[in-house]
1. Test A:PRO93 against the stated conditions and say whether it is loosely packed, with under 13 Cβ neighbours inside 10 Å, in the same structural domain as A:PHE125 (by TED's automatic domain parsing), part of a loop (DSSP other than H, G, I, E, B) and more than 17 Å from the chain's Cα centre (by Cα).
2. If the requirement is being within 14 Å of chain A (Cβ to nearest Cβ), at negative phi and either at pLDDT 95 or above or surrounded by fewer than 16 Cβ atoms within 10 Å (Cβ to Cβ) (or both), which of these qualifies: B:ALA43, B:ALA15?
3. Please tell me if B:ALA210 is modelled with pLDDT of 95 or more, in a helix (DSSP H, G or I) and closer than 18 Å to B:PRO279 by Cα.
4. Within 22 Å of the chain's Cα centre (by Cα), β-branched (Val, Ile, Thr) and in the same structural domain as A:ILE55 (by TED's automatic domain parsing): is that true of A:VAL234 in this structure?
5. Would you point out which residue out of B:LEU261, B:LEU280, B:LEU240 is surrounded by fewer than 17 Cβ atoms within 10 Å (Cβ to Cβ), closer than 14 Å to B:ALA210 by Cα and at pLDDT 95 or above?
6. Restricting the search to region B:215-233, which residues are in contact (Cβ under 8 Å) with a residue 24 or more places away in the chain and farther than 18 Å from B:THR258 by Cβ?
7. Do you know which of the residues in region A:107-132 that are outside any helix (DSSP H, G or I) and crowded, with 22+ Cβ neighbours inside 10 Å is farthest from the other protein chains (Cβ to nearest Cβ)?
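The values are calculated or read from the model by the stated rules, or taken from the named source; none is laboratory data. Note that the structure is a prediction, hence the values are computed from the model and not measured. As a convention, Cβ positions derive from the backbone with ideal geometry for all residues, glycine included, and neighbour counts pool all protein chains shown.
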Protein chains: 2
Amino acid sequence: MQTITTVAELRHVVARARRADKRIGFVPTMGYLHEGHLTLVEASRAQTDVTVVSIFVNPAQFGPNEDLSTYPRDFLRDQELCRDAGVAIVFAPDVQEIYPTQFETFVEPGELAKPMCGAFRPDHFRGVVTVVGKLFNIVQPDVAFFGQKDFQQCAVVRRMAIDLNLPIEIVTVQTVREPDGLALSSRNRHLSEEERRRALAISRGLFAAADKFRSGERDVEQLIAIAKAHLNTVDRLQYLELVDADTLKRAESSLRRTAALCAAAYVGSTRLIDNVILPLSTP
Amino acid sequence: MQTITTVAELRHVVARARRADKRIGFVPTMGYLHEGHLTLVEASRAQTDVTVVSIFVNPAQFGPNEDLSTYPRDFLRDQELCRDAGVAIVFAPDVQEIYPTQFETFVEPGELAKPMCGAFRPDHFRGVVTVVGKLFNIVQPDVAFFGQKDFQQCAVVRRMAIDLNLPIEIVTVQTVREPDGLALSSRNRHLSEEERRRALAISRGLFAAADKFRSGERDVEQLIAIAKAHLNTVDRLQYLELVDADTLKRAESSLRRTAALCAAAYVGSTRLIDNVILPLSTP
């Protein structure tokens, strides 16, 4: 495994692999890797010849009062996990390498970035698609892998790749959860034992609604109410929305197309997100 | 010469050339080609193996009250000119191919896009860098060629390519002029004979200032005043600015670094731009 910190060297190494007709897989991360990231690596290894993992805590996607400075980091451990997982290249640039002093051009997402997380984190998705767009241009992978936990991010990134004609396939991989249901997240490490117990309400609420959906419930308000009934142990529910899985627009009164039930909530000072897909075959 | 209208086919044809180790040159245009465009083609043919010319009148870079609908077009003549000039591929997509219905992700330039044309044409450079970014991703050229007449555009596009890590060399080619000095522009065809005579004031003013600069004048206000003295025959001077050639910030009282004297003016209902570079070796 190679660890590379500059754009020039990364390009050089990937170009060599491409000339040897290797298929390149890419897993962009902010580090502090967990089983969720490693599942993305596994998916990449199954579908490509060379897996590149980027580790870059992207300042552009944090708001001024958000947790950039306390975002968990452990680069040595991340490197070991990548090596053990069969990653070929870890790309770990510093901030100046990605955002040199004169940097001023952003990628600006549209309607998909406005509801849910976008409503509470202005400029978050601008930061996400800008850094992902840059990383896509640096790595030039054939396929890139994202976790479904960041459902809106997947939608915004997929749209960006289509809109900007990036010839990259975007694969979304199912959320990995703790045995009790908690969605894996680097931010979980901030939870006290007591907070972790209360955080379970999020996945429990989503699962309860998904169960009801599977047994035939299609009424949007009913499904939201079922999830919400579980959510009284979180400290602040930021949103709980049932949206069309493609457009992210709020679902109509009765579900007719595949939808996603998405939630964001604070437990203590930690913000957590999660979602479940409610699949419907379109007529 | 091949004329291609879809992204998929263009990609296919260019990928084949790249596999054969050909160097790809790209000249993005809005058509209605003139000697200026053909000089870009010549530069591309001298430096690359396969020259791609795009012909696409980009709605995203026109304001609501601008001349999108009257922008001159003559596709058959453009094709002939390209064939005669040794172009390998003409890429002429329709609007739906570049901006499908769900399109919503833009590339957003920064400070370089704010002064001069940016101040009078809000969102113009957003439209420019979005379409150029898309075309860069579609064509994936090694080098792209732009005319110096669009001086601010060159700066904004070059910045975009650096900021978004597009591995494309941007070459700026000197402005081509009529024997009497008028900068070539597709929009010149809208000028009546009488307007064309009056339009000459723009290049004459810029040249007069450049002459004075060559004989040692460094005072910013003096140089602007010399150019301005010629500009009384235009119908509306939109701007006349002496800016640092790299930052596009207004030059200080006495020139110390390479600057550009840039003008935009209406003659009749036609908006024309032009510029001259005042070169200084930086200490």
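1. Details: loosely packed, with under 13 Cβ neighbours inside 10 Å: no; in the same structural domain as A:PHE125 (by TED's automatic domain parsing): yes; part of a loop (DSSP other than H, G, I, E, B): yes; more than 17 Å from the chain's Cα centre (by Cα): yes.
Here the answer is no, as A:PRO93 does not meet what is asked.
2. Working: B:ALA43 fails: within 14 Å of chain A (Cβ to nearest Cβ).
Result: B:ALA15 is the single residue among B:ALA43, B:ALA15 that is within 14 Å of chain A (Cβ to nearest Cβ), at negative phi and either at pLDDT 95 or above or surrounded by fewer than 16 Cβ atoms within 10 Å (Cβ to Cβ) (or both).
3. The answer is yes for B:ALA210.
4. Details: within 22 Å of the chain's Cα centre (by Cα): yes; β-branched (Val, Ile, Thr): yes; in the same structural domain as A:ILE55 (by TED's automatic domain parsing): no.
So A:VAL234 fails the test.
5. On the way: B:LEU261 fails: surrounded by fewer than 17 Cβ atoms within 10 Å (Cβ to Cβ); B:LEU240 fails: surrounded by fewer than 17 Cβ atoms within 10 Å (Cβ to Cβ).
Step by step, each of B:LEU261, B:LEU280, B:LEU240 is checked, and only B:LEU280 is surrounded by fewer than 17 Cβ atoms within 10 Å (Cβ to Cβ), closer than 14 Å to B:ALA210 by Cα and at pLDDT 95 or above.
6. Residues of region B:215-233 that are in contact (Cβ under 8 Å) with a residue 24 or more places away in the chain, as a first pass: B:218-221, B:223-224, B:227, B:229-233.
Result: B:GLU221, B:ALA229, B:HIS230, B:LEU231, B:ASN232, B:THR233.
7. We begin by selecting, within region A:107-132, every residue outside any helix (DSSP H, G or I); these are A:107-110, A:114-116, A:121-123.
Adding the requirement that they be crowded, with 22+ Cβ neighbours inside 10 Å leaves A:107, A:109, A:116.
Numbers: A:VAL107: 6, A:PRO109: 5, A:MET116: 16 Å.
Among those that are outside any helix (DSSP H, G or I) and crowded, with 22+ Cβ neighbours inside 10 Å, it is A:MET116.
Matching residues to (1) out of contact with any Leu (no Cβ under 9 Å at 6 or more places or on another chain); (2) closer than 25 Å to B:ILE4 by Cβ; (3) in a loop (DSSP other than H, G, I, E, B); (4) more than 14 Å from chain A (Cβ to nearest Cβ):
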residue: B:VAL53; (1), (2), (3), (4): no, yes, no, yes
residue: B:ASN65; (1), (2), (3), (4): yes, no, yes, yes
residue: B:ARG73; (1), (2), (3), (4): yes, yes, yes, yes
residue: B:GLU80; (1), (2), (3), (4): yes, yes, no, yes
